[in-house]
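**Q** I'd like to ask you about the structure that follows.
Every number here is computed from the coordinates shown, using simple stated rules; none is lab data. Note that the structure is a prediction, hence the values are computed from the model and not measured. Positions of Cβ are backbone-derived with ideal geometry, glycine not excepted, and every protein chain shown enters the neighbour counts.
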Amino acid sequence: MNGEQKSKQNERKFGAWDELPNGKRRYFYEVQGRYGWLARYVKVVDALERTIKFYQEIFDEDGRLVEIHEKYPVNKGHIRVKGGGR
């Protein structure tokens, strides 16, 4: 699959993206939790649409970022954000 095909696939899958410097893109989509929390899934790709980073951001019911879970290139587990949450 070439970069243009991969770009279209990512656009359909994620639905939202930001253009970054040097041709990179940040794709994302959000999932509402049962208790008011929000999870945002984020994929960062290079100009050829190769995945550079994939992570999850967790926001509390007040919209504050409380955790980041970097999954790729290395699964670092859940990392609490300083000052986030309780």
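**Q** Do you know which of the residues in the range 17-48 that are among the hydrophobic types (A, V, I, L, M, F, W, C), assigned to a loop (DSSP other than H, G, I, E, B) and out of contact with any helix residue (DSSP H, G or I) (no Cβ under 7 Å at 6 or more places or on another chain) is surrounded by the fewest Cβ atoms within 10 Å (Cβ to Cβ)?
**A** L20
**Q** Next question, about the same structure. Consider only pairs whose beta carbons are under 9 Å apart and that are at least six residues apart or on different chains; among these, list those whose first residue lies in the range 41-67 and is without any contact (Cβ under 8 Å) to a residue 40 or more places away in the chain and under 20 Å from W17 (Cβ atoms) and whose second residue is among the aromatic types (F, W, Y) and surrounded by fewer than 14 Cβ atoms within 10 Å (Cβ to Cβ).
**A** Within 9 Å, the pairs are K43/Y72; T51/Y72; I52/Y72; K53/Y72; F54/Y72; Y55/Y72.
**Q** A follow-up question, please. Are any of the residues in the range 19-31 aromatic (F, W, Y) and more than 11 Å from the chain's Cα centre (by Cα)?
**A** No: the range 19-31 contains no residue that is aromatic (F, W, Y) and more than 11 Å from the chain's Cα centre (by Cα).
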